[in-house]
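Reading through the structure tokens given below for one structure.
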Amino acid sequence: MFPAPRRLLAAVLTLLLARTAPAQVTAIRAGRVVDPETGTSVPSQVILVSDGKITALGPDVTIPRGATVIDLSRLTVLPGLFDAHTHLCMSVQLQRDAGSYYLTTLRDPLSYRAVEGVANARAMLEAGFTTVRDVGNEGDYACTSVRWAIDRGLIVGPTMINAGRIIAPYGGQFQLQPDRRDLAEPEYYFADTRDEMRKAIRENAHYGAGVIKIVVDDQRYIYSTDDIRFMVEEARVAGLKLAAHVWTRAGAHNAAAAGVASLEHLNGISDEDLAVAKANGTVAVFTPFPLSVLKRFRTAPGQAEAEYRAEIDRLAAGYRIGVPIAFGSDAIHDLAGYTRGTQAIMWIDSYVDAGLPPRAILRAMTSTAAHLLGVDGERGAIRPGLAADLIAVSGDPLSDIEVLKRVVFVMKNGQVIRSP
Ligand SMILES: [Zn+2]
């Protein structure tokens, strides 16, 4: 034991050394690095990562002595992917629930849904999605708990921005009957008057929502443009953006006119309203189920094909008109042989069928989504100063977007999640 002054000196020295010791550096040798924003790639790059962030990028970057070197020189490196429309705390069992997520919410206890969220979050990250926006159907804030656990390092998952309880006109997305009017709560927060809307947004903000999600039009009565404008403003005051589920032409019209941050699904939206959305800087999150998935629960003859054609047509129109598009999957099913992550990446098929070139799909999955989520100063590109959220694939995603289905390396905040 040192005498007291020496102990003090030792403590000061330890503190000084801790402050000046260089942070552990990871150096990644990349065969190519893709910039989705410009749709270009460059060969033979070195990426330095320290304290979870990218510190240098270039062909001639010196690798510091003692750095951990990751050799991806035979692979293409790109920013981690985004899924801007997930429901991680819900898994519809097609047989048990007859395809109805109403039944899913009645049968699965909240504790189980949180566990599902943990597993789905990990699966998304392992498939290459380093950031997700979860748009509700999380019961009583189950996904908020999942997000906290990820943020605290308790579990492994993507960076999450989640919605809390979905706000909707009376009945939400469920067909209630008068004896059991309680059965849609807490899944939805019914808000019909302005006071109820304000209260719903404040409750969501209070319990940790990172985005406000409303359902505009799944009932006979829909939110008006004035209703939605009111909620956009209330959300803004709470520092939150507003995402609007629109499934009809009328609902899409009201939400586009109100200047929401994002339109979700956009079924039936008119070309005119797509132009309004573009003018307002609204991001479109089209979510057309891949035909192979849709066929599993739209079983009437020709129904899946007709629905698919209609949705692909709107996605194609959105791209043609030039509204910013963020990738969103809306994957909610338990599919044998797939994790939630390998399922969500299948949505690429719909984007390909709508005629979007690989470059546009990549932007939807990175920079445009990062902008929508409000994290474009932190993530969504490979640039010094940004979080080290990286994935690697074999092949060139700018010519063959399918290679994204086979991600072999994932890094989130500088931490290796999977490697070849
Ligand atoms: Zn959804």
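Observations on the model:
- Helix 249-258 axis versus longest C-alpha principal axis of the chain: approximately 50°, rounded to the nearest ten.
- Accessible solvent surface per residue of the stretch 81-373, calculated while the other protein chains remain in place, 1.4 angstrom probe, Å²: 38
- Note on the stretch 81-373: with charges restricted to the Cβ of Lys and Arg (+1) and Asp and Glu (-1), its dipole about the Cα centre is near 480 debye.
- Beta bridges by DSSP in the chain, antiparallel share as percent, to the nearest 5: 45
- The residues packed around residue 110, meaning those with a beta-carbon under 13 Å from its beta-carbon, carry a net charge of -3 if Lys and Arg are +1 and Asp and Glu are -1.
- Crossing angle, helix 4-20 versus the chain [Cα axis fit, 0-90 degrees, rounded to tens]: 60
- Ranking 390, 364, 223 by Cα position along the charge dipole of the chain, where only Lys, Arg, Asp and Glu carry charges on their C-beta atoms, puts 390 farthest toward the positive end.
- Euclidean distance between Cα centres, the stretch 232-246 to the stretch 260-307, Å: 21
- 28 Å Cα-Cα threshold exceeded, pairs from 241/412; 295/405; 53/213: 53/213
- Inter-label distance for residue 405 and residue 177, nm, one decimal - labels placed 7 Å from Cα along Cα-to-Cβ: 4.3
- Per residue, the average separation of C-alpha pairs within less than 8 Å and at least 6 apart gives the chain a relative contact order of 18 percent.
- Nonpolar atom fraction for the stretch 81-373, defined as the carbon and sulfur part of the 1.4 Å probe accessible area, stands at 52 percent.
- Neighbourhood charge, 14 Å Cβ-Cβ cut-off, centred on residue 276 and excluding it, Lys, Arg +1 and Asp, Glu -1: 0
- Paired Rg and Dmax values of the chain, which use every Cα atom, in angstrom: 22.8, 86
- For the stretch 317-359, backbone nitrogen atoms closer than 17 Å to the point 7 Å from residue 305 Cα along Cα-to-C-beta are found at no residue.
- Considering only chymotrypsin sites (Phe, Trp or Tyr not before Pro) in DSSP loops that have at most 15 other Cβ atoms within 10 Å, the longest stretch of the chain without any of them is 222-420.
- Net +/- balance of residues flanking residue 319 in space, Cβ distance below 14 Å, scoring K and R +1, D and E -1: +1
- Inter-part distance where the stretch 44-95 and the stretch 117-148 are each reduced to a Cα centre, Å: 19
- Structure remark: mean-square fluctuation, Gaussian network model of the chain, C-alpha springs under 10 Å; the largest value among 404, 78, 335 belongs to 335.
- Length added when fully stretched, residue 156-residue 320, from 0.36 nm per residue minus Cα-Cα: 55.2 nm
The values are calculated or read from the model by the stated rules, or taken from the named source; none is laboratory data. This is a predicted model, so every value here is computed, not measured. Note that we place each Cβ from the backbone using ideal geometry, even for glycine, and neighbour counts take in every protein chain shown. Calculation scope for accessible area: heavy atoms of the full protein, side chains included, ligands and nucleic acids excluded. Shrake-Rupley method; radii C 1.70, N 1.55, O 1.52, S 1.80 Å.
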